Amino acid sequence: MSRALSYTLIAIAAMLMATSAFAHHSFAMFDQSKSVSLQGTVKDFRWTNPHVFIQLLVKAEGGSEEEWSIEMTSPEHLARVGWRPGTLKPGDQVTLIIHPMRDETKGGQYVSGTGPGGPLIGSPTPSGEGK
Amino acid sequence: MGASAEMPDWSGQWENVGATPDATGGFNQSLDEVLKTMQWGPPNKPEVQARVDKMVASERKRLAAINRGEDPGGAVRACTFGFPLVMLDSPLMFEALPTPKETTLIFSSREIRHVYTDGRPHTPKDDLWATPWGDSIGHWEGQTLVIDTIAVKSPFASSESEGVAVMAFGDVEGAQTITILSPQAHFIERFRMIDKDHLEDQMTVIDPTNFTAPWHLSRTYQRVAHIHRMVYEDCEGEERNPIVNGHFTLAPPPSSATSQPATAPNSAPSAPSPAPQ
């Protein structure tokens, strides 16, 4: 089972009382018990530190468009998986699996996805194995 | 300029075995597997074990809260690992650059370890202060670099006397304290290539203040796949997770235009504007 933790979460001796969390960000923002499928169009693929984001336009009920912010890990980590700034482009039709935000914010943590060319890098293939 | 022919070739980018990232932000080994590989049983003195147990209980309480769907808060942003974490359970990649008088280990967090092999002793006490990476000197035994490090302080502690907590990643969120080192901790490493795709660090931590005996650890590193140059983590950049009242939040993207594609070098110059009439 993989450790679903990006970067570091360090509680150090000096912070024993406070149990603080050190990280780029916190996975506590996302509901890890839920997985939501979002189908939409990439508005922007923001390849930037500290974390990469997919800005996704999703058609809501009634036909309006909603913009979702899908948070990924750092460019350094994604590059080691094989992603690059051009892996997704504006206009790409994708289906993403995310852990949604716990509050009402239209956002979530990237889990896996399918793009124009098939499963996105590192996503399970139809046989069920990761690439 | 070039390395001596006797210097080993450690060129390339390296990562901790077990810390290969995946696209979700996770890694390929569980905490239990990593701890076993690290030979994680530090010989803590009873009073140190009591402190560690308290920290672990606190960390697990925090993790349980998150698993219940709560955000316990208390978030603080930090982007520095320090030594020995950069060598132990780190998600970073690094380059190891040996030269006759100094070997540098350069990490993707922009942290650098300098190991001086020019015969100097450790920095004299009245010139020495503790840093997150310590004071490292070394010597070569064949193709093995023997590193001796002192004067390490936690990157987060407000004073040296607080010592350094050695952590490992936890599940979902929540590191697990392995041990706490005193400011007197002394590290001996034997760093070498074990085959063309693996490096190894055999580390001994000598800390009679906190340990009943020296602590031996073993860490291996493998070549990074999919990228063959150094790229850096950076806490700066486009901050989308501001901390509000101790909680990380998600902010919308900047209101400026969408990201521009990378400009190719040697682009053709644009056509000249028509001359004014």
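The values are calculated or read from the model by the stated rules, or taken from the named source; none is laboratory data. Because the structure is predicted, anything quoted here is derived from the model rather than measured. Note that we place each Cβ from the backbone using ideal geometry, even for glycine, and neighbour counts take in every protein chain shown.
What are the residue pairs meeting all of these: first residue in segment A:32-43, first residue within 15 Å of residue A:91 (Cα to Cα), second residue exposed (fewer than 12 other Cβ atoms within 10 Å of the Cβ) and at pLDDT 95 or above, Cβ atoms under 7 Å, and 6 or more apart or on different chains? Going by the 7 Å Cβ cut-off, the qualifying pairs are A:41/A:91; A:41/A:93; A:42/A:91. Selection of segment A:46-70 for residues being part of a strand (DSSP E or B) and at the interface with another protein chain (Cβ under 7 Å from one of its Cβ atoms) yields A:46, A:53, A:55, A:69. Looking only at segment B:1-33, count how many residues are in a loop (DSSP other than H, G, I, E, B), of a type in the set (D, E, K, R) and surrounded by fewer than 15 Cβ atoms within 10 Å (Cβ to Cβ). Of the residues in segment B:1-33, 2 are in a loop (DSSP other than H, G, I, E, B), of a type in the set (D, E, K, R) and surrounded by fewer than 15 Cβ atoms within 10 Å (Cβ to Cβ). In segment A:102-126, the residue that is surrounded by the most Cβ atoms within 10 Å (Cβ to Cβ) out of those that are in contact with a Leu (Cβ under 6 Å, 6 or more places away or on another chain) and not in a loop (DSSP other than H, G, I, E, B) is A:107. Candidates are the residues of segment B:34-51 that are surrounded by fewer than 15 Cβ atoms within 10 Å (Cβ to Cβ) and outside any loop (DSSP other than H, G, I, E, B); the one that is modelled with the lowest pLDDT is B:36.
Based on what the data block shows, is residue B:55 surrounded by 21 or more Cβ atoms within 10 Å (Cβ to Cβ) and in contact with a Lys or Arg (Cβ under 7 Å, 6 or more places away or on another chain)? No.
Here residue B:152 meets the list (1) in contact with a helix residue (DSSP H, G or I) (Cβ under 7 Å, 6 or more places away or on another chain); (2) β-branched (Val, Ile, Thr); (3) at pLDDT below 95 almost entirely, failing just condition (1).
Selection of segment B:46-61 for residues being in contact (Cβ under 8 Å) with a residue 24 or more places away in the chain, at the interface with another protein chain (Cβ under 8 Å from one of its Cβ atoms) and more than 23 Å from the chain's Cα centre (by Cα) yields only B:51.
Given the criterion over 26 Å from residue A:46 (Cβ atoms), of a type in the set (Asp, Glu), surrounded by fewer than 18 Cβ atoms within 10 Å (Cβ to Cβ) and modelled with pLDDT of 90 or more, identify the matching residue among B:195, B:201.
Details: B:201 fails: surrounded by fewer than 18 Cβ atoms within 10 Å (Cβ to Cβ).
Testing whether each residue is over 26 Å from residue A:46 (Cβ atoms), of a type in the set (Asp, Glu), surrounded by fewer than 18 Cβ atoms within 10 Å (Cβ to Cβ) and modelled with pLDDT of 90 or more leaves just B:195.
Quick one: would you say residue B:84 is in contact (Cβ under 8 Å) with a residue 60 or more places away in the chain and within 25 Å of residue B:111 (Cα to Cα)? Yes. The set of residues from segment B:216-252 being assigned to a strand (DSSP E or B) and of a type outside the set (Phe, Trp, Tyr) comprises B:216, B:217, B:218, B:219, B:220, B:222, B:223, B:243, B:244, B:247.
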